[in-house]
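The next block holds one structure in the form of structure tokens; read it before the comments.
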Amino acid sequence: MGLRASKVYMYSGKVGWTLGLEGRRQKCSYIASIKVINWVNERGREALYINSNFRAGRGKKYILPTILLLITASWIGNIWYYESMQLDKPVFLKHYMILNGNQSDWIELTFLENKRDGKKVTGIKLEKLPQVRFEINPPNRNYRYQVIRKAYGSWNGEENPPMVREPLIITEATVYYSEGPPEKVPIGEIHIMWERSEGLLESVSSGGSSDGTGQYTVNVKEDLTLEQVDYSFSDRLSSLFEFNVITPDGPVTEMPIHLDAGDTLIFDYVWKIPAETAAAFEIYRANFLLSYTTGDGEIIHDRIPISFNRYLSEKQINWFARSGGELP
């Protein structure tokens, strides 16, 4: 009897081999060989079954704990990040403003609050101007974790007690919260002036952009000599603000200059405030400060407003929150 070849495979993962028997064999040898082959196949099936169960059991044993560990780590990481982006309390930006009491001007205060958790501002009071009543508006800009809110305070000049009409500088406000006691917080420098315009410059147009550029145009109502142009808070803004004065003859390079009635005077300017600095969280309501001489020799000081339309980006707010939410 001839047996060409017999192939026996035993798989355990990628393991396999071939057992071959060739040539002529006696019947007893053939039977013995068959028994050996059957025994090997049986042991192989048992080994495959045991090994497969072992691997499956071991895999199942660690899959659930691993998933739970990943979920827990992700949850803890999200909580940590969320907490790191929260302010301890509302933060008032630094305001640098020149206000004219004779024009029944209004005070605008801007502050940051957490969108969901934490204290909320419920009231504001100025100790030096108790006549001013603030109205807190709904958020006008929403970010992922914070909102920007504004409070507007005004007076009509007929408050009781009457306002003392003298220059005044306000540097702090008493803030009331939804929880906890009120506290005094720094708000910058708000200058209250009592001036009247002589009306020799007539406004034609004005405007500003969120990129920091702006322009203000006036017509000269009578002959005059422009002696000097400066701007308020120049000590703070010397590296953050640039401007040019343009007359019908072109940009002004030196003063004094003579202007005829009907001439146009243009003020071109740009705010150059770095994004991730404390200066980015300052708000300016500044003025150009003009000195000119009329035809009869009278020296007059006047002001022209400077537009400020800078906005805080999501990146700036996140940087501010991560840095601790405190302004120097």
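Where a number appears in this text, it was derived from the coordinates with a stated rule and is not lab data. What you see is a predicted model, and the numbers here were worked out from it, not measured in a lab. Don't worry about glycine lacking a Cβ; one is built from the backbone with ideal geometry, like all the others, and counts go over all protein chains shown.
So the values come out like this:
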{"read-out": "Net charge over other residues, Cβ less than 9 angstrom from the Cβ of Y96 (K, R count +1; D, E count -1)", "value": "+1"}
{"read-out": "Straight-distance crosslink candidates among aspartates and glutamates, where the alpha carbon sits under 19 Å from K120 and sequence neighbours closer than 8 are dropped", "value": "E83, D88, E108, E135, E172, E179, E183, E326"}
{"read-out": "Phi-based couplings in Hz for segment 70-81 (Karplus 6.51, -1.76, 1.60; Gly and Pro marked x)", "value": "5, 5, 5, 4, 5, 5, 5, x, 5, 5, 4, 5"}
{"read-out": "Residue-by-residue Karplus 3J(HN,Hα) for segment 107-115, coefficients 6.51, -1.76, 1.60, Hz, glycine and proline x", "value": "9, 10, 10, 10, 8, 9, 10, 4, 5"}
{"read-out": "Integer Hz, Karplus 6.51/-1.76/1.60 couplings in order for segment 235-248, x for Gly and Pro", "value": "5, 8, 9, 4, 9, 10, 9, 9, 8, 9, 10, 10, 10, x"}
{"read-out": "Surface/4 of the Cα convex hull for segment 282-325, nm²", "value": "4.2"}
{"read-out": "Loop trypsin sites (Lys or Arg not before Pro), segment 83-142 (other Cβ atoms within 10 Å of the site Cβ: 11 or fewer; DSSP)", "value": "R116"}
{"read-out": "FRET efficiency, W106 to E202 (Cβ-Cβ, R0 25 Å, nearest 0.05)", "value": "0.60"}
{"read-out": "Reach of K272 by Cα under 13 Å, taken over aspartates and glutamates that are not fewer than 8 positions away in the same chain", "value": "D211, E242, E282"}
{"read-out": "Long-range amide H partners of K115 with built H, under 5 Å", "value": "Q146, V147"}
{"read-out": "Tensor-based shape of segment 117-214 (alpha-carbon gyration tensor, a/c under 1.5 rounded, otherwise prolate or oblate)", "value": "oblate"}
{"read-out": "Built amide H within the under 5 Å cut-off of T213, gap 5+", "value": "W271"}
{"read-out": "Mean Cβ count within 10 Å, highest first, over the residues of peptides 301-307, 248-254, 234-240, 260-266", "value": "301-307, 260-266, 234-240, 248-254"}
{"read-out": "Highest average packing first - 271-278, 215-222, Cβ atoms within 10 Å", "value": "215-222, 271-278"}
{"read-out": "Amide H partners (placed H, <5 Å) of L200, local residues excluded", "value": "none"}
